[in-house]
Amino acid sequence: MSQEIRPTLARILNKLARVLAPPAGQDPTVSSGDDNLDLSTRAIFDYFPHWESRFDVDGSQFGGRFNDYTLVDTTILNHPDLAGAIDLAGKAVLELGALEGGNTLLLAQKGASRIVAVEARVDSYVKCCVIKNLYKLGPADFVLDDVRNVTLDRYGTFDVALVAGILYHL
């Protein structure tokens, strides 16, 4: 990991660690030293100045105005022709360019048994970790890495690879 990424990642992870794994019975607003951290879902989403994706958490909308993963046009995973052609249940899936975890959430909902989602941007990676914890995405592992580093030796084999919205970045 590059030296310039480490301070940003450490700052974000230190603040969010208390959000993602608060002690049992802890009030959603916690005083910690000079901080008064609001640990509500709204505060977690508001911590980041910009979200691309919209998420429904317990009936409330959070995140951005774009990329509503419930819509057919947002992701190929919702396309009716694909849904009938590919059964993801029990499959190992490699996702390149996870953005904020919207497709990862759908992969888990469609029954993928193992998901390795690679994301190169620190803020997006941390947002993915937020989504993983909010939705309890057990089969998903988010990795902060460049997709050009993905090799069989490093990541193993998969049944399916999802590469959506990334090729124009390479």
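The values are calculated or read from the model by the stated rules, or taken from the named source; none is laboratory data. Everything quoted here is computed from the prediction, not taken from an experiment. All Cβ positions, even for glycine, are placed from backbone atoms using ideal geometry, and neighbour counts span all protein chains on display. With ligands, DNA and RNA removed, areas are computed over all heavy atoms of the protein, side chains included. Shrake-Rupley method; radii C 1.70, N 1.55, O 1.52, S 1.80 Å.
See the values below:
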item	result
3J(HN,Hα) from dihedral phi, the range 98-107, Karplus parametrisation 6.51/-1.76/1.60, rounded to Hz, x for glycine, proline	6, 6, 10, x, x, 5, 4, 4, 5, 4
Extension gain from Thr157 to Ile86, taking 0.36 nm per residue of separation minus the Cα-Cα distance	23.8 nm
Euclidean distance between Cα centres, the range 129-170 to the range 57-112, Å	13 Å
Of all accessible heavy-atom area on the range 68-170, the percent that carbon and sulfur account for (1.4 Å)	53 percent
Spacing of the two label points (7 Å from each Cα toward its C-beta) at Ile76 and Asp56, in nm	2.5 nm
10 Å-binned pair-distance histogram of the range 60-130 (Cα, whole percent)	19, 51, 28, 2
Surface accessible to a 1.4 Å probe, per residue, for the residues of the range 71-146, Å²	42 Å²
